[in-house]
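See below for the structure under consideration.
All of the numbers you see were taken from the coordinates with simple rules; none came from a lab. The shown structure was predicted, so the numbers you read here are calculated from the model rather than taken from an experiment. Counting neighbours? That spans all protein chains shown, and the Cβs are built from the backbone with ideal geometry, glycine included.
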Amino acid sequence: MKDERKDFFLTRLIRHELNVIDLPVLTLVLILSTLGFVTLFSAGSDFPWRITGQTRNYAVACVVMFIFANIPPRVLQKCAVPVFAAGVILLAATLLFGITVKGATRWIGVGAFRVQPSEIMKLGLPLMLAWYFSLRRELVNNWDWVISGALLAVPVLLILKQPDLGTAILVGIAGFTVIFLAGIPWQWMATLGVSAIAVLPALWMMMHDYQRMRVLTLLDPTRDPLGSGFHIIQALIAIGSGGLWGKGWMQGTQAHLDFIPERTSDFLFAVYSEEFGLIGNIVLLTVYLLLVIRSAVIAVNAKDTFCKLLAGSITAIFFAYTFVNIGMVSGILPVVGVPLPFMSYGGTALVILGTCAGILMSINAYSKTKNAD
């Protein structure tokens, strides 16, 4: 009798998980993670602890993804305000008591671990804005755009203060996507565009010297080939030397002769390009494109305002991560320190991306339930 009851509950659990898990999202994430680990294994052959650490990171991200896939969107909606408030408090605490590494104060110690609160805001801010606009719905007026702008500005400014331009850009994109999808009028969009152009000179003056140098290096990497331009020049050499088919796995000379800095994290794409060539890049970009398209489809099919806005923001997160990382490695964007999603070494970022994938699955499962009703 106990065995029958056990089999019954096990069967129900399997059926539930099959209904919750979105196979296209799961498949695409697994493909990217596999490509990432294979490339990291090559890039990190001199850093075995990073390979071990990334294995642990993937395991944690996978568990987190499945947990969030089983959390109904209405529960996430209730958690939006506490998550956002906790994120802002942690960002403020980071500036006061954070751990400084290479001139940037981005981490805060929690026991034996280090946490990067700015990563939390990549989801905390979209959650908050999606909750706010789902609460207002048809009652949205001009004051709501002001309030939503303030909610966006607070975490972005705190992250810029660390300083962390790359994360501030990603958090800003994730938050603004929610505001855009909520239906911000074109007059406000035009005003924001003109204001952004007007403050560019002031922003340039406020930037740190190394940030200005990154912009200047983008325009001409050869102005400082052994300094600020070294990253981009070596990455471009690696990408170009990969040719059509690449040099082969573990055969990349730029990586293994230690010419590519940060080759296991921000510049992993350069290692991948050198070893797998143009064909490998086409495959990789296709997988990323399919992930973005699938995320957008889930957003379009979502059955309520909160789910639509949150799924749309996650779609923007996936796209922004990919575009910014590949853009900076390819020399078309400044180097801002953004990892390649599901591929680059990193614990907090990988867990956040796994959370995003899990939330998409949850929203999709909720939408299918609504359709069945």
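Taking amide hydrogens as placed 1.01 Å from N in the peptide plane, the amide H of Arg106 sits under 5 Å from those of Ile99, Val101, each at least 5 positions away in sequence or on another chain.
Just round it to a whole percent: the fraction of Cα-Cα distances in the range 23-372 exceeding 28 Å.
Numbers: 27077 of 61075 pairs.
For the range 23-372, the share of Cα pairs beyond 28 Å comes to 44 percent.
Other residues whose C-beta falls under 9 angstrom from the C-beta of Ala255 contribute a net charge of -2, scoring Lys and Arg +1 and Asp and Glu -1.
Relative contact order of the chain: 28 percent, from C-alpha pairs under 8 Å at least 6 residues apart in sequence.
Note on the chain: GNM, Cα springs under 10 Å; of Ala168, Ala198, Ala316, the largest mean-square fluctuation is that of Ala198. Taking only the Cα atoms of the range 195-330, the ratio Rg/Rh comes out at 1.08, with Rh defined as the Kirkwood radius. For the chain, modelled as a GNM whose springs connect Cα atoms under 10 angstrom apart, the maximal fluctuation among Leu40, Leu192, Leu157 occurs at Leu192. Highest mobility in the GNM of the chain, judged by mean-square fluctuation with C-alpha springs under 10 Å and restricted to Gly327, Gly166, Gly354, is found for Gly327. Per-residue extension of 0.36 nm, minus the Cα-Cα distance of Val60 and Val38, leaves a gain of 6.1 nm for this segment. Can you list the residues of the range 26-44 with backbone N under 18 Å from a point 7 Å past the Cα of Leu257, pointing along Cα to Cβ? Flagged as within label range: 43-44.
Give me the net charge for the shell around Ala174: Cβ to Cβ below 13 angstrom, other residues only, Lys and Arg +1, Asp and Glu -1.
Values: positive: Lys122; negative: Glu119.
Local charge sum for Ala174: 0.
Under a 5 Å amide H cut-off, with hydrogens placed 1.01 Å from N, Tyr345 pairs with Ser265 among residues at least 5 apart or on other chains. Label zone (Val297, point 7 Å along Cα-to-C-beta; backbone nitrogen cut-off 15 Å) within the range 243-287: 287.
Quick one: Lys368, Lys308, fewest Cβ neighbours within 10 Å first, how do they rank?
Lys368, Lys308
Between Ile282 and Leu157, what FRET efficiency comes out of the Förster formula 1/(1 + (r/R0)^6) with R0 = 35 Å and r the beta carbon distance, rounded to 0.05? Taking R0 as 35 Å, the efficiency between Leu157 and Ile282 is 0.35. The stretch between Val215 and Val194, if pulled fully straight at 0.36 nm per residue, gains 5.4 nm over its current Cα-Cα span.
With a cut-off of 15 Å between beta carbons, the residues surrounding Phe84 carry a summed charge of +1, where Lys and Arg count +1 and Asp and Glu -1.
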